[in-house]
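Some notes on the structure that comes next.
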Amino acid sequence: MTKSADFRVYYFREGPLMKDGPPYREVGIYLTFAPRGLCPKDHETTAGKIGEKSVEWCSWSKNEKGGMCFSAETLVKNFIPHEQESVEPILHIFLQGASTSQIESLERAVSTLRIQH
């Protein structure tokens, strides 16, 4: 978990935190009112779902730590019920893996997220 002034980022990782070569599979999730996307200008977009919400995934890759690193992120609006219409919490989900198939697998996993009331 990484803590910032207004939010905490929760990470779910497979494998060690530090290693040489591309990363192991990783999911990062946080809830914020002012998201900062990671998506570079040179990216691909695909449609998806998080729970019942339609989302757009931004995907990209780069050569990092001696191997290819694949990443994806999405911002999910109206996922968390809230009382004030002027303030909308946004769920930011970001993924990393060593292949596109790992990213696709992580996208399928996080698509099952639900809010229990």
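Readers should treat all values here as calculations from the given coordinates under stated rules, not as data from a laboratory. Remember, predicted model here, so these are calculated numbers, not experimental data. Ideal geometry is used to build each Cβ from the backbone, glycine not excepted, and the neighbour counts take in all protein chains shown.
Things to note:
- Cα→Cβ-extended label distance, 7 Å offset, between Lys77 and Thr32, nm: 1.7
- Loop trypsin sites (Lys or Arg not before Pro), segment 37-74 (other Cβ atoms within 10 Å of the site Cβ: 10 or fewer; DSSP): Lys41
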